[in-house]
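A.B. asks: The structure is given below, and queries will be raised subsequently.
The values are calculated or read from the model by the stated rules, or taken from the named source; none is laboratory data. These numbers were taken from a predicted model, which means no experiment stands behind them. A quick note on method: Cβ atoms are made from the backbone with ideal geometry, for glycine too, and the neighbour counts reach across all protein chains shown.
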Amino acid sequence: DTEVTQTPKHLVMGMTNKKSLKCEQHMGHRAMYWYKQKAKKPPELMFVYSYEKLSINESVPSRFSPECPNSSLLNLHLHALQPEDSALYLCASSQDQGHEQYFGPGTRLTVT
Amino acid sequence: AQSVTQLGSHVSVSEGALVLLRCNYSSSVPPYLFWYVQYPNQGLQLLLKYTSAATLVKGINGFEAEFKKSETSFHLTKPSAHMSDAAEYFCAVSRSGGSNYKLTFGKGTLLTVNP
């Protein structure tokens, strides 16, 4: 099973709201990732967790806050977002850093 | 540093025709190379990977790719296109080993299949 699940599928939030995106995998993978994808563009890496520790933060604004509660779960907490943050947010996991990544279906985020 | 160049942002083929999507990479160390497909409003699905074993790699849905070190290329092919192959395709490179893993994507190629 190579499934990564993400909830919610769609999210609309105002600029003052606080919301969270969730990602889950049960493949025993030890690396998990958050990407942001704008229309007709490739995914842009935001964060990498390796063995539940944050290993890469691609200079993402602090209004995005990642959390890895355990080896199967990855959250992305959102607060005070801007309209330009509207995008598809993709979660991925891999056996370890350097191995192929498996992507979830994404959360379509709209900031109003 | 590593990078990927996908030649052609849009490729159009007829159903049953050969599909050829081009990818050239740049990497200072032996690379790992991947092809992903993305259907509208979906995540990315791994088609195939090259990780320094056989240079001809077979993937899902009848796709294959050949790693050519001398040409720094990893082109994706399929002998006969099907309507269901219409999607966005991304080539990606990562470095083998290393602690700061990063997957670098090309800009993508949109494949359309005409009946």
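A.B. asks: Of A:LEU90, A:LEU74, A:LEU78, which residue is more than 26 Å from B:VAL4 (Cβ to Cβ), crowded, with 16+ Cβ neighbours inside 10 Å and not hydroxyl-bearing (Ser, Thr, Tyr)?
C.D. replies: Going through A:LEU90, A:LEU74, A:LEU78 in turn, just one is more than 26 Å from B:VAL4 (Cβ to Cβ), crowded, with 16+ Cβ neighbours inside 10 Å and not hydroxyl-bearing (Ser, Thr, Tyr): A:LEU78.
A.B. asks: Ok, one more. For the stretch B:28-62, enumerate the residues that are among the small types (Gly, Ala, Ser), more than 10 Å from chain A (Cβ to nearest Cβ) and either surrounded by 12 or more Cβ atoms within 10 Å (Cβ to Cβ) or in contact with a helix residue (DSSP H, G or I) (Cβ under 8 Å, 6 or more places away or on another chain) (or both).
C.D. replies: Passing the criteria: B:GLY59, B:GLY62.
A.B. asks: Find the residue count for the stretch B:4-27, including only residues that are closer than 17 Å to B:GLU71 by Cβ and loosely packed, with under 12 Cβ neighbours inside 10 Å.
C.D. replies: Final tally of qualifying residues: 0.
A.B. asks: What pairs can you find where one residue is in the stretch A:38-49 and in contact (Cβ under 8 Å) with a residue 24 or more places away in the chain and exposed (fewer than 15 other Cβ atoms within 10 Å of the Cβ), the other is aliphatic (A, V, I, L, M) and part of a loop (DSSP other than H, G, I, E, B), and their Cβ atoms are less than 6 Å apart, with a gap of 6+ or different chains?
C.D. replies: none
A.B. asks: To continue, here is another question. Check B:THR72 against each of (1) of a type in the set (Val, Ile, Thr); (2) out of contact with any Leu (no Cβ under 8 Å at 6 or more places or on another chain); (3) at pLDDT 95 or above and name the one condition it does not meet.
C.D. replies: (3)
A.B. asks: Being of a type outside the set (Lys, Arg) and under 21 Å from B:GLY43 (Cα atoms) narrows it down to one of A:SER55, A:SER65, A:SER86, A:SER59, so name that one.
C.D. replies: Result: A:SER86 is the single residue among A:SER55, A:SER65, A:SER86, A:SER59 that is of a type outside the set (Lys, Arg) and under 21 Å from B:GLY43 (Cα atoms).
A.B. asks: Residues to consider are B:LEU21, B:LEU111, B:LEU44; find the one that is of a type in the set (A, V, I, L, M, F, W, C) and under 24 Å from A:GLU58 (Cβ atoms).
C.D. replies: B:LEU44 is the lone residue from the list that is of a type in the set (A, V, I, L, M, F, W, C) and under 24 Å from A:GLU58 (Cβ atoms).
A.B. asks: Right, another one. From B:THR77, B:THR72, which residue is surrounded by 13 or more Cβ atoms within 10 Å (Cβ to Cβ), hydroxyl-bearing (Ser, Thr, Tyr) and within 12 Å of the chain's Cα centre (by Cα)?
C.D. replies: B:THR77
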